[in-house]
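Trainee: Pasting a structure below so you can have a look.
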Amino acid sequence: MTPIRVGLLGLGIVGGGTWAILERNREEISRRAGREIIVTRAAVRAVDMERVAQKTGGRVQLSTDPTAVVEAEDVDVVAELMGGTEPAKTLVLRAISLGKPVVTANKALLALHGNEIFAAAQNHGVMIGFEAAVAGGIPIIKALREGLTANRIQWLAGIINGTSNFILTQMRDQGMGFSEALSQAQALGYAEADPTFDIEGIDAAHKLSLLAAIAFGIPVQFARAHVEGISRLTAEDIRYAEELGYRIKLLGMAKRTTRGIELRVHPTLIPARRLLANVDGVMNAVLVKGDAVGPTLYYGAGAGAEPTGSAVVADLVDIARMASAAPGHRVPYLAFQPDQVRNEIVLPMADIETAYYLRMKALDRPGVLAEVTRILADQNISIEAMLQKEPKAGETWVDVIMLTQVTQERAIDHAIALIEALVSIDAPVVRLRVESLAS
Ligand code: HSE
């Protein structure tokens, strides 16, 4: 069979990893794909031209014009590895209009414009691979779309941003504050120069909206996801959580309920004994609960040149095998047949149900806890555990930490407003969500 010819849009970290894997494992990959996969062209930034030319040793035709790469006659498949929404979106749509399959690692692009891109691809009968867009090298898209296809997926929970997981791990292990841990992540090259997407939960929510679409057969709905990051988390809460037998992780949670879908990213206490609680540093993991298989866990590197390149190459192999098959015989983009993707309600946060961690500063005098527990009881909120710290020398305020049982967020918010109004409580009350992740 003739080789399949790839045009890379971007030959930076992920593009470089993809190229290196294709070079090193060329024979093994073609034995699997049934044909050779070769990179014929790549679009690179002018400043990178010399470095990339040296690395690729003249075996790849380099250009600073990505449109020319997309349109080139010797490019059968386009791998968009440049990131950002523009010009990535225009280039991807151009490739689709030319009938060229696309592989992309661009979670932001698909989270914001995936529905439009998949619809265009469907119209042109073109394959789109996006394994690399979620959790780097972990084949979670493949697992959800194919391996778990027998199941009604009930929920999934993921640590899907390595940078924030590294920061949380440093805060816990080294007792660092948030800013110090972030500086360390930046020094090690984990966090972007502008780390907002990583630390404010946006990157995780991009990925979560893709996972939820595939898990539940709904459109990609990033705009309706609740997004909360780790930048306001204190070392104090991490320590108290630990004392109560929990670890705090930035969790992406997608859950099917009888009232709608919960779609949320936020710092979350999870029991320390869970495998997911022990996913540390920059590693990623996704726990999926299917009705037939039960819980399954996927763990690995969520970023990096070759782990992400591994996912890009897997998509290229799928394309090498299937691009010539009739579109109806391929795995659907979002796992469900396009006409079976349903627009289910995504619940507002007030309607979600979970357990809560509350930390408050209370006056150290009789009756204060009784006032707080009365308010919780009035909202029908049951207390699971409680911790009261010794007052520091000369202080009249003490830290009180409570874990509640599962309740509605509306009820806990109402209770917190009432607690904060007590003269014996020094507002604000810190509120974090708790997930037991029990199967
Ligand atoms: N910025 C991402 C992370 C890497 O920290 O996980 C790739 O998605």
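The values are calculated or read from the model by the stated rules, or taken from the named source; none is laboratory data. What you are looking at is a predicted structure, and each value in this text was computed from that prediction instead of being measured. Positions of Cβ are backbone-derived with ideal geometry, glycine not excepted, and every protein chain shown enters the neighbour counts.
Trainee: Those residues that are of a type in the set (S, T, N, Q), within 23 Å of ILE270 (Cβ to Cβ) and away from the ligand (no atom under 16 Å from the Cβ), I need them from segment 118-164; list them, please.
Mentor: ASN151, GLN154
Trainee: Identify the single condition in (1) outside the structural domain of VAL78 (by TED's automatic domain parsing); (2) within 30 Å of ASN343 (Cβ to Cβ) that TYR240 does not satisfy, given that it satisfies every other one.
Mentor: Among (1) outside the structural domain of VAL78 (by TED's automatic domain parsing); (2) within 30 Å of ASN343 (Cβ to Cβ), TYR240 violates only (2).
Trainee: Residues ALA215, ALA223: which one is surrounded by fewer than 24 Cβ atoms within 10 Å (Cβ to Cβ) and either under 16 Å from ASN343 (Cα atoms) or among the polar types (S, T, N, Q) (or both)?
Mentor: Working: ALA215 fails: surrounded by fewer than 24 Cβ atoms within 10 Å (Cβ to Cβ).
Exactly one residue qualifies, and that residue is ALA223.
Trainee: With LYS207, LYS249 as the choices, which residue is touching a residue at least 40 places away in the same chain (Cβ under 8 Å), over 28 Å from GLU116 (Cα atoms) and within 15 Å of the ligand (Cβ to nearest atom)? Spell out the reasoning first.
Mentor: Numbers: LYS207 fails: over 28 Å from GLU116 (Cα atoms).
Exactly one of LYS207, LYS249 is touching a residue at least 40 places away in the same chain (Cβ under 8 Å), over 28 Å from GLU116 (Cα atoms) and within 15 Å of the ligand (Cβ to nearest atom), namely LYS249.
Trainee: Taking the options LEU316, LEU287, name whichever one is crowded, with 20+ Cβ neighbours inside 10 Å and not assigned by TED's automatic domain parsing to the domain that holds ASN123.
Mentor: Result: LEU287 is the single residue among LEU316, LEU287 that is crowded, with 20+ Cβ neighbours inside 10 Å and not assigned by TED's automatic domain parsing to the domain that holds ASN123.
Trainee: Within segment 380-436, can you find the residues that are in contact with a helix residue (DSSP H, G or I) (Cβ under 7 Å, 6 or more places away or on another chain), crowded, with 19+ Cβ neighbours inside 10 Å and assigned to a loop (DSSP other than H, G, I, E, B)?
Mentor: Scanning segment 380-436 gives a single hit, ILE381.
Trainee: One residue is enough: does segment 275-288 have a residue meeting the conditions over 22 Å from ALA303 (Cβ atoms) and modelled with pLDDT of 95 or more?
Mentor: Among the residues of segment 275-288, not one is over 22 Å from ALA303 (Cβ atoms) and modelled with pLDDT of 95 or more, which makes the answer no.
Trainee: Let me ask another. Answer yes if at least one residue in segment 385-401 is more than 30 Å from LEU297 (Cα to Cα) and aromatic (Phe, Trp, Tyr), and no otherwise.
Mentor: Checking segment 385-401: at least one residue is more than 30 Å from LEU297 (Cα to Cα) and aromatic (Phe, Trp, Tyr).
Trainee: For ALA111, indicate whether it is crowded, with 24+ Cβ neighbours inside 10 Å and modelled with pLDDT of 95 or more.
Mentor: yes
Trainee: Still on this structure, I have one more. Go through (1) at pLDDT 95 or above; (2) within 25 Å of PRO101 (Cβ to Cβ); (3) more than 16 Å from the ligand (Cβ to nearest atom) and name the single condition ALA325 misses.
Mentor: (1)
Trainee: Of all residues being more than 16 Å from MET171 (Cα to Cα) and part of a loop (DSSP other than H, G, I, E, B) in segment 260-288, which is farthest from the ligand (Cβ to nearest atom)? Just the residue, please.
Mentor: Top of the filtered list is ARG273.
Trainee: OK, next. Out of the residues in segment 289-299 that are part of a strand (DSSP E or B) and small (Gly, Ala, Ser), which is nearest to ALA111 (Cα to Cα)?
Mentor: Here the answer is GLY290.
Trainee: Pick from segment 54-75 the residues that are among the hydrophobic types (A, V, I, L, M, F, W, C) and more than 13 Å from TRP19 (Cβ to Cβ): which of them is surrounded by the most Cβ atoms within 10 Å (Cβ to Cβ)?
Mentor: VAL69
Trainee: Same structure, new question: Of all residues in segment 56-113, how many are hydrophobic (A, V, I, L, M, F, W, C), away from the ligand (no atom under 16 Å from the Cβ), part of a helix (DSSP H, G or I) and under 24 Å from MET322 (Cα atoms)?
Mentor: Qualifying residue count for the region: 7.
Residues are listed down the side, and each one gets a yes or a no for (1) surrounded by fewer than 23 Cβ atoms within 10 Å (Cβ to Cβ); (2) more than 17 Å from LEU208 (Cβ to Cβ); (3) of a type in the set (D, E, K, R):
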{"site": "GLU242", "(1), (2), (3)": "yes, yes, yes"}
{"site": "ILE261", "(1), (2), (3)": "yes, no, no"}
{"site": "GLY281", "(1), (2), (3)": "yes, yes, no"}
{"site": "PRO295", "(1), (2), (3)": "yes, yes, no"}
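Trainee: Please verify whether GLN61 is within 23 Å of ALA88 (Cβ to Cβ) and not β-branched (Val, Ile, Thr), treating the condition exactly as stated.
Mentor: It is true that GLN61 is within 23 Å of ALA88 (Cβ to Cβ) and not β-branched (Val, Ile, Thr).
Trainee: In segment 323-372, which residues are surrounded by 15 or more Cβ atoms within 10 Å (Cβ to Cβ) and hydroxyl-bearing (Ser, Thr, Tyr)?
Mentor: TYR333, THR354, TYR356, TYR357
Trainee: Based on this model, can you work out whether SER183 counts as surrounded by fewer than 20 Cβ atoms within 10 Å (Cβ to Cβ), more than 30 Å from GLY260 (Cβ to Cβ) and away from the ligand (no atom under 16 Å from the Cβ)? Spell out the reasoning first.
Mentor: On the way: surrounded by fewer than 20 Cβ atoms within 10 Å (Cβ to Cβ): yes; more than 30 Å from GLY260 (Cβ to Cβ): yes; away from the ligand (no atom under 16 Å from the Cβ): no.
So SER183 does not fit the description; no.
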